[in-house]
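Worksheet for the structure shown next.
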Amino acid sequence: MRTITYKEIVERVSKMCQEANFDLGQDVVEAFQSALKNESSETGKDILEQLILNADIAKSERVPMCQDTGVSVFIVEVGQDCHIAGGSIYNAINEGVKKGYEEGYLRHSIVDHPITREKSKGYNTPSIIHIELVPGDEIVIHMSAKGGGSENMSSLKMLKPSDGLEGIKKYILDTVAMAGPNACPPLVVGVGIGGNFERCAYLAKKSLFRPIGHRSERPELAQLEIELMEEINKLGIGPQGMGGNTTALDVKIEIEPCHIAALPVSVNLNCHASRHKEVRL
Amino acid sequence: MCANKVSSPIDEQVLPSLKAGDRVLISGTIYTARDAAHKRMSEALQKGEDLPFNIKGQTIYYVGPTPAKPGQIIGSAGPTTSGRMDKYTPSLLDRGLKGMIGKGYRSQEVIDSMKKNKAVYFAAIGGSGALIARSIKSMEVIAYEDLGPEAIYKLTVENFPAVVIIDNEGTDWYQVGKEQFKKQADQ
Ligand code: SF4
């Protein structure tokens, strides 16, 4: 059995939190560049250029690309043949986030109590941590710094099976249209279909961890992703909602089996500050 | 980029020339305030107290920056969602607030109050906080220091990039811009 230490997890998480906020993924930068070629709005082009410049500044000066450095969301694949020595994996991740956010001058954006709005004492913790047990002896940590503006415009609905594919498409387009400028387009649109109430939301979140341009492995979904992307870009919302043809940089869909009476659909919007990092231990 | 220069505080004479959709570069003094500071200002007004700064002609920027690194004036400082401030905004407009910088939709009440009081709403590019920080030349806390990053700061800005979203006639660029490109896509 392989042993991975608590301390190693803390260090790696701390580092990935900073990298997520400073180094925008190449997939996103390339999506900006290709959008710039297709955008017909002058203001829209201007915005895309500024976003490319902003990503450059963040990278070279080691500052966060956006002041909302987000809630740290983790999907951790833990190999069932590996042993974590020195403490719980949840504590290790939270300690890593606290360290990374404090030392990286990232913003502390968590309140402990959603009603009283009392600020949390752990710097930007607790994080949201999903653990998936997998075969093998490795740990793969996927991290996202998820912004509040786009999360706030996300949505879930229990459709009726009779609503079918048309109902699903309409719901996704309506959610994007309603979000308009608030979710900081251009967006990455994550969609979950099936599962149950809570699983469906998780599927949408999980889909956002797939790099831009990577299509679903299921041909019918890959096709639907492309089709939805075209439809969304016809809405006219454009960069920052100021009009244009770049409303989404990508659409991702994940599906799972569900109850015979159910058709859960969720749309998790991500802004252009689509910050994801991965480490393998 | 072709953009009009705007100075803040905003001169009432130039206000009508700022039209929805115009790209602008703002220079001068602006004040930061987000949820907690708005709540406190609104409570002060309800109690009949003065606001912590003279708001006549001024511009408020909805922002909660990241902590500054050593040697920096301010950390990343892009706009936050303006809609959360809508509840408090009309009372500030009634007292002479002329400009707001944020991102996202405003409520009909805010738009009506902007028309009545003659004010303008700008959007900065959400998620471009590292770039925007370059146009911020000084930062000084002036009220509610205990709120930390949510306190009211006075900022000096130079060529701060923004777009006029709602002008003093109530034209909303989020609607106009979208319709224009939607029509294009439908053709
Ligand atoms: S929605 Fe995204 S880009 Fe916009 S302010 Fe929030 S984190 Fe930044």
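The values are calculated or read from the model by the stated rules, or taken from the named source; none is laboratory data. Remember, predicted model here, so these are calculated numbers, not experimental data. Counting neighbours? That spans all protein chains shown, and the Cβs are built from the backbone with ideal geometry, glycine included. Each accessible area value is taken on the protein alone, full model and side chains, heavy atoms only, with ligands, DNA and RNA left out. Shrake-Rupley method; radii C 1.70, N 1.55, O 1.52, S 1.80 Å.
Tabulated data
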read-out: Residue in the stretch A:56-88 that is surrounded by the most Cβ atoms within 10 Å (Cβ to Cβ), counting only those that are facing another protein chain (nearest Cβ under 8 Å) and not in a loop (DSSP other than H, G, I, E, B); value: A:Ala58
read-out: Some residue of the stretch A:97-104 being more than 16 Å from the ligand (Cβ to nearest atom) and in contact with a strand residue (DSSP E or B) (Cβ under 7 Å, 6 or more places away or on another chain); value: yes
read-out: The listed residue being among the small types (Gly, Ala, Ser) and buried (at least 22 other Cβ atoms within 10 Å of the Cβ), out of B:Ala119, B:Ala143, B:Ala185; value: B:Ala119
read-out: Residue check for A:Asp46: open to solvent by 10 Å² or more (accessible area, probe 1.4 Å), at the interface with another protein chain (Cβ under 7 Å from one of its Cβ atoms) and without any contact (Cβ under 8 Å) to a residue 12 or more places away in the chain; value: yes
read-out: Condition check for B:Gly102: within 16 Å of the ligand (Cβ to nearest atom) and over 11 Å from the mean Cα position of the chain (by Cα); value: no
read-out: Answer residue from the stretch B:18-51, given it is in contact (Cβ under 8 Å) with a residue 12 or more places away in the chain and open to solvent by 50 Å² or more (accessible area, probe 1.4 Å) and is farthest from B:Gly177 (Cα to Cα) among those; value: B:Arg40
read-out: Qualifying residue in the stretch B:7-14 (condition: out of contact with any His (no Cβ under 7 Å at 6 or more places or on another chain), surrounded by 21 or more Cβ atoms within 10 Å (Cβ to Cβ) and closer than 29 Å to A:Gly243 by Cα); value: yes
read-out: Flag if B:Ser82 is in contact with a Cys (Cβ under 7 Å, 6 or more places away or on another chain) and within 16 Å of the ligand (Cβ to nearest atom); value: no
read-out: Among (1) buried (at least 24 other Cβ atoms within 10 Å of the Cβ); (2) over 26 Å from A:Glu42 (Cβ atoms); (3) within 16 Å of the ligand (Cβ to nearest atom) - the single one A:Lys277 does not satisfy; value: (1)
read-out: Single match in A:Leu224, A:Leu263, A:Leu208, A:Leu235 (criterion: within 14 Å of chain B (Cβ to nearest Cβ) and modelled with pLDDT of 95 or more); value: A:Leu235
read-out: Elements of type strands (runs of 3 or more DSSP E) contained in the stretch A:105-185, each with 2 or more residues being within 16 Å of the ligand (Cβ to nearest atom); value: A:139-146
read-out: Of residues in the stretch B:152-181 being open to solvent by less than 30 Å² (accessible area, probe 1.4 Å) and assigned to a loop (DSSP other than H, G, I, E, B), the one nearest to the other protein chains (Cβ to nearest Cβ); value: B:Asp167
read-out: Members of the stretch A:248-261 that are of a type outside the set (Val, Ile, Thr) and out of contact with any Gly (no Cβ under 8 Å at 6 or more places or on another chain); value: A:Ala248, A:Leu249, A:His259, A:Ala261
read-out: Residue ID - most open to solvent (accessible area, probe 1.4 Å), chosen from residues in the stretch A:22-35 that are touching a residue at least 24 places away in the same chain (Cβ under 8 Å) and in a helix (DSSP H, G or I); value: A:Glu30
read-out: Answer residue from the stretch B:56-82, given it is surrounded by 16 or more Cβ atoms within 10 Å (Cβ to Cβ), in contact with a strand residue (DSSP E or B) (Cβ under 8 Å, 6 or more places away or on another chain) and among the β-branched types (Val, Ile, Thr) and is farthest from the other protein chains (Cβ to nearest Cβ) among those; value: B:Thr59
